[in-house]
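The values are calculated or read from the model by the stated rules, or taken from the named source; none is laboratory data. These numbers come from a predicted model, not from an experiment. Neighbour counts run over all protein chains shown; Cβ positions are idealised from the backbone, glycine included. What goes into the accessible areas is simple: the full protein's heavy atoms, side chains included, and nothing from ligands, DNA or RNA. Shrake-Rupley method; radii C 1.70, N 1.55, O 1.52, S 1.80 Å.
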Amino acid sequence: MDFFDIILILINFAGALGIFLFGMKLMSEGLQKFAGNGMRRILGKITDNPVTGILTGALVTIAIQSSSATTVMVVSFVNAGLLTLGQSIAIMMGANVGTTLTAWIMAIFGFSLDLSQLSWLLFACAIPFIFSSSSSRKSFGEFLFGFAFMFLGLVTLRMHASEMNLQDNMAVVNFFRVTGDWGFLSVLLYVVIGGLLTLCVQSSAAIMAITMILCSTGVLPIYQGIALVMGENIGTTLTSNIAAMSANTSARRAALAHLVFNTFGVIWVLI
């Protein structure tokens with residue numbers, strides 16, 4: 001494989017990642033528009049019971065498939081006075097649980113089934129909804145389109161990852177081998193790498209998909225992969241903190257609580 005082929009594969013890989021990110025965004029926005037008012041009423045009626053808040057955060061995140069979207073909504077609701085700081089923290093804790101469903105969808109379906117056929121089926125099913133005169137049906141069509149793009153992006157990522165033959169690339173294998181021999185320092189290094197990658201891409205689900213693909217091909221050892229996931233858990237908190245920069249004090253505290261909670265969780269697992 002010459003230099004031109006490698007550049008072409010990397011460009012295709014970046015394009016596949018873009019399709020995956022676009023699908024996540026379209027799916028999240030479509031479902032938020034489809035069930036937005038009901039979601040606002042549910043979040044607005046949260047009691048001071050933290051268990052209820054955690055369950056609600058998990059269910060909302062499972063529905064819209066984006067913890068970042070949930071936390072940004074929560075920050076905006078705190079800023080508007082619809083939620084208290086305590087309620088927002090409970091919802092964000094639940095969002096951390098709900099967002100793991102994306103990884104399970106990729107693990108169960110993304111590596112055992114041919115998702116390309118399912119993608120085309122979802123595209124076909126979404127067309128009547130997209131051209132509907134009803135705004136709610138149109139939003140549901142956008143949700144289906146987003147799901148289809150997400151699956152298509154995942155399939156394309158897997159295809160180009162296999163084309164790169166990373167398991168036979170000695171430079172890549174040696175990098176993981178050398179950096180994996182540093183003991184606990186290796187774990188910390190991959191936590192930092194996972195956080196930085198998520199900060200750049202602004203999607204822990206996308207970096208999670210890449211991590212799982214690398215682990216499934218045997219290129220990335222499991223413990224380095226786990227460390228990357230822990231770093232992704234910290235990097236994903238930046239979105240809510242950016243959203244809170246122009247908000248009031250309570251909203252900024254809610255976003256900071258999200259960062260502290262995720263960071264504490266990572267430290268706890270490291271210990």
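Data table
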item	result
Filter pass, Ile207 being among the β-branched types (Val, Ile, Thr) and within 21 Å of Thr61 (Cα to Cα)	yes
Scan of segment 223-241 for residues that are farther than 18 Å from Asn96 by Cα and open to solvent by 30 Å² or more (accessible area, probe 1.4 Å), ordered by number	Tyr223
Entirely in segment 117-222, the helices (runs of 4 or more DSSP H) that have 3 or more residues that are at pLDDT 85 or above and open to solvent by 50 Å² or more (accessible area, probe 1.4 Å)	135-163, 184-201
Segment 249-263, residues that are within 14 Å of Ala80 (Cα to Cα), without any contact (Cβ under 8 Å) to a residue 60 or more places away in the chain and buried (at least 16 other Cβ atoms within 10 Å of the Cβ)	Arg252
Filtered residues of segment 80-116 (kept if at pLDDT below 80, open to solvent by 50 Å² or more (accessible area, probe 1.4 Å) and under 20 Å from Thr239 (Cβ atoms))	Ala80, Leu82
Selection count where residues are under 17 Å from the mean Cα position of the chain (by Cα) and under 30 Å from Gly183 (Cβ atoms), scope segment 215-255	14
